[in-house]
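One structure below.
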Amino acid sequence: MASRFQLGLIINPLAGLGGSVGLKGSDGQAQQAMALGAVPQAMNRAKTALEALLEQRDKFEVLTVAGDMGENVCIELGLTYKVLYQPQSSPSTAQDTEAAAKALCQQGADLLLFAGGDGTARNICAAVAEHTTVLGIPAGVKIHSGVYAISPQAAGKLVAKLVAGELVSLSEAPVMDIDEQAFRSGVVKARRFGEMRIPAQLRYVQSVKMGGRESEELVLADLAAYVVSQLEENVRYVMGSGSTVAAVMAELGLDNTLLGVDVIENGQLIASDVTAMQLADLVTDYPSKLIITLIGGQGHVFGRGNQQLSPDVIRALGRDNILLIASKAKLQQLDGRPLLADTGEVELDKLLTGLINVLTGYNDYVMYRLGYEDEE
């Protein structure tokens, strides 16, 4: 009988805590995020990924970490597992992540599956960069690295292929991270910290975020002018993050949170850098629309750096009240790949799937697909 696939599993329980409460990250912010009402999601996202493997549970064994770093999810799903590392503190630290990664790889993990953000990827890279194949389950606020699947569901489907013995190509992907302190001040300073080997299935693995200017100045000016001309009275507009939306705010002469979410009404800023809870209160049972762009290169519309747009907020707004704006150059960077929604709820992601109008210039729209169609 062939030996079972050895699946390493590490969860950063604190990953993504800062997103919904507008902290732009979680590094060193866990206590503040919890005080503001943030709810940990990394374990749930890891669970979502692993659920795709349940039909093959007899073909693999999980090598993992005690408690919330992996063991508890294995118990909940009824998976066969071994605990190879005990965190040295509670909550766990970056040092725990690195030590756990070394322990799992030394025990012979065929694939190291981890849930976190760019900081977690940095920790994994520092510990085992050249020693094993890895795949990230996106659970952080900022995810610039190319080692992550496009969603927890995609991570699970890709691991299922490996467990089933299907041929999957491998490639090297960059580990990127940014200065969170500068990020909270609206400055993006991304650095490359190394590379790790990943399963190279482009349908499931995200691209690296493109740097530099996202569109030319004249295109942004046209977009902004047209959006402003279409704003309705007595409607609240939720203004997403990014430089494309910032151009609209500049056209209105309003202060803008480049890496956060603001709300305007009747040409006035009524709420700045809001949290998910604040936003839900503002848009529920009130005429509201969302103006949002996508992340250049990746194509994510929801779930990367804008967790303030929670599933509750998106449902309250409704798909028909989403205005997606982007230059054609930004769409062309995707090379035909669809736009992506990783809201944290599978059913909502499915509801958002389909063709969506994208405003690309002054009264100039194109139709583009949002979400991958399920193959099954």
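The values are calculated or read from the model by the stated rules, or taken from the named source; none is laboratory data. All values reported here derive from a predicted model rather than from experimental measurement. Here the Cβ positions follow ideal geometry from the backbone for every residue, glycine too, while neighbour counts run over all protein chains shown. Side chains included, ligands, DNA and RNA excluded: accessible areas come from the protein's heavy atoms. Shrake-Rupley method; radii C 1.70, N 1.55, O 1.52, S 1.80 Å.
General remarks:
- Residue list for segment 278-309, filter: among the hydrophobic types (A, V, I, L, M, F, W, C) and touching a Gly at 6+ places or on another chain (Cβ under 6 Å): 292
- Residues of segment 279-292 satisfying the condition of being over 19 Å from residue 357 (Cβ atoms), open to solvent by 10 Å² or more (accessible area, probe 1.4 Å) and either in contact with a helix residue (DSSP H, G or I) (Cβ under 6 Å, 6 or more places away or on another chain) or touching a residue at least 60 places away in the same chain (Cβ under 8 Å) (or both): 280, 284
- Segment 348-359 residues that are farther than 13 Å from residue 291 by Cβ, paired with ones that are part of a helix (DSSP H, G or I) and of a type in the set (Val, Ile, Thr) (beta carbon under 8 Å, 6 or more apart): 348/314; 352/314
- Hits in segment 65-100 - residues which are more than 20 Å from residue 119 (Cα to Cα) and among the acidic types (Asp, Glu): 71, 76
- Taking the criterion of being surrounded by fewer than 19 Cβ atoms within 10 Å (Cβ to Cβ) and without any contact (Cβ under 8 Å) to a residue 40 or more places away in the chain, the residues of segment 253-262 that qualify are 253, 254, 255.
- The lone criterion from (1) over 23 Å from the mean Cα position of the chain (by Cα); (2) closer than 27 Å to residue 177 by Cα; (3) modelled with pLDDT of 95 or more; (4) surrounded by 19 or more Cβ atoms within 10 Å (Cβ to Cβ) left unmet by residue 60 is number (2).
- Note on segment 187-230: among residues that are of a type in the set (Val, Ile, Thr) and closer than 15 Å to residue 145 by Cα, the one that is modelled with the lowest pLDDT is 188.
- Segment 165-185: number of residues that are open to solvent by 70 Å² or more (accessible area, probe 1.4 Å) and modelled with pLDDT of 75 or more: 5
- Count of residues meeting criterion [surrounded by fewer than 24 Cβ atoms within 10 Å (Cβ to Cβ) and among the hydroxyl-bearing types (Ser, Thr, Tyr)] in segment 93-121: 1
- Residues (polar (S, T, N, Q) and either open to solvent by 10 Å² or more (accessible area, probe 1.4 Å) or in contact with a Gly (Cβ under 7 Å, 6 or more places away or on another chain) (or both)) located in segment 122-144: 123, 133
- Residue in segment 111-129 that is aromatic (Phe, Trp, Tyr) and within 14 Å of residue 195 (Cα to Cα) present: no
- Residue-level analysis places residue 295 among those that are crowded, with 20+ Cβ neighbours inside 10 Å and either within 20 Å of residue 357 (Cα to Cα) or of a type in the set (D, E, K, R) (or both).
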